Amino acid sequence: MKGVSDTGTRRGRPRAFDRTAALTAATRLFWERGYEATSIGDLTEAMGIRPGSLYAAFGDKKSLFQEAVYHYGRSPVGAFMSVALEEEPTAYGAFGRILREAAVIYPDPSHPAGCLTISAATNVTPQDAEIEAFLRNLRNENLATFEARLRGAQRTGELPPTADPGSLAAYFAAVIQGMSQRARDGATAAELTGTAELALDAWPTPRR
């Protein structure tokens, strides 16, 4: 007897699925639970696929997580900081927008609280240290972007010569990371907006 005809189901052929929808589901699960607490079984259930399809389409769990992080970074809730830095003509306007939007986005009940890149690698095991390093490097890249924008503002006179762009960038990064954690702890948009406004009071004069 010959093999199954072309009109039948070939043994080993993966079931077709919407890759983008599956990736979005994985991203949400990692965002909600973190890397360590999310199992392959959890992922395949959320994504609606079999383990073989997951490995064939995304590689292993670490590769899927990294792709999920980049997917998050391209979404409106993950890209708002880079968009503000690109669109706002002044550094003060950019950081004000970042902080105020974070105050609204991080506690939004339509998605998991906080920021995926800030919270997803907490309590990782030693064998998954590369995931912790991966996210740390992304956060440090954001910090470097903050500092570059602030140094540019100093060159144009928006920040006074006495300002320290490196310290100011680190301060805003720390505030944003704290806002993410407060959102995961149940902070409201009103509370986080108050935090954002207090943080902006640290902006060195003169302002434009």
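Within the stretch 60-89, the residues that satisfy the criterion of being of a type in the set (Lys, Arg) and either out of contact with any helix residue (DSSP H, G or I) (no Cβ under 7 Å at 6 or more places or on another chain) or closer than 19 Å to CYS115 by Cα (or both) are LYS62, ARG74.
When GLY34, GLY8, GLY73, GLY78 are screened for being modelled with pLDDT under 95, under 17 Å from the mean Cα position of the chain (by Cα) and either polar (S, T, N, Q) or open to solvent by less than 40 Å² (accessible area, probe 1.4 Å) (or both), only GLY34 passes. Count of the stretch 179-208 residues, restricted to those that are within 20 Å of GLY114 (Cβ to Cβ) and either part of a helix (DSSP H, G or I) or open to solvent by 50 Å² or more (accessible area, probe 1.4 Å) (or both), is 20.
For (1) assigned to a helix (DSSP H, G or I); (2) surrounded by fewer than 13 Cβ atoms within 10 Å (Cβ to Cβ); (3) in contact with a Lys or Arg (Cβ under 7 Å, 6 or more places away or on another chain); (4) hydroxyl-bearing (Ser, Thr, Tyr), each residue gets a yes or a no:
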| site | (1), (2), (3), (4) |
| --- | --- |
| ASP108 | no, yes, no, no |
| THR122 | no, no, no, yes |
| LEU159 | no, no, no, no |
| VAL175 | yes, no, no, no |
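Yes or no: ARG155 in contact with a Pro (Cβ under 6 Å, 6 or more places away or on another chain) and free of Cβ contacts under 8 Å to residues at least 24 places away in the same chain? Answer is no for this residue.
Residues that are in contact with a helix residue (DSSP H, G or I) (Cβ under 9 Å, 6 or more places away or on another chain), within 28 Å of ALA102 (Cβ to Cβ), open to solvent by 30 Å² or more (accessible area, probe 1.4 Å) and in contact (Cβ under 8 Å) with a residue 40 or more places away in the chain are absent from the stretch 37-52 altogether. For VAL83, the criteria (1) in contact with a Pro (Cβ under 9 Å, 6 or more places away or on another chain); (2) more than 21 Å from GLU197 (Cα to Cα) hold in every case but one, which is (2).
Taking the criterion of being among the small types (Gly, Ala, Ser) and touching a Phe, Trp or Tyr at 6+ places or on another chain (Cβ under 7 Å), the residues of the stretch 36-90 that qualify are GLY48, SER53, ALA68, GLY78. None of ALA25, ALA56, ALA16 is of a type in the set (A, V, I, L, M) and at pLDDT 95 or above except ALA25. If you go through the stretch 146-157 and keep only what is among the polar types (S, T, N, Q) and open to solvent by less than 70 Å² (accessible area, probe 1.4 Å), you end up with just GLN154. Scanning the stretch 89-103 for residues that are open to solvent by 10 Å² or more (accessible area, probe 1.4 Å), touching a residue at least 40 places away in the same chain (Cβ under 8 Å) and assigned to a helix (DSSP H, G or I) turns up TYR92, ARG100. A single member of GLU130, GLU141 is within 24 Å of ARG74 (Cα to Cα), assigned to a helix (DSSP H, G or I), open to solvent by 70 Å² or more (accessible area, probe 1.4 Å) and touching a residue at least 60 places away in the same chain (Cβ under 8 Å), and it is GLU130. Within the stretch 52-60, the presence of a residue that is hydroxyl-bearing (Ser, Thr, Tyr) and within 28 Å of ALA174 (Cα to Cα) is excluded.
The values are calculated or read from the model by the stated rules, or taken from the named source; none is laboratory data. Computed from a predicted model, the values in this text were never measured in an experiment. As a convention, Cβ positions derive from the backbone with ideal geometry for all residues, glycine included, and neighbour counts pool all protein chains shown. Keep in mind that these areas ignore ligands, DNA and RNA; they rest on the heavy atoms of the full protein, side chains included. Shrake-Rupley method; radii C 1.70, N 1.55, O 1.52, S 1.80 Å.
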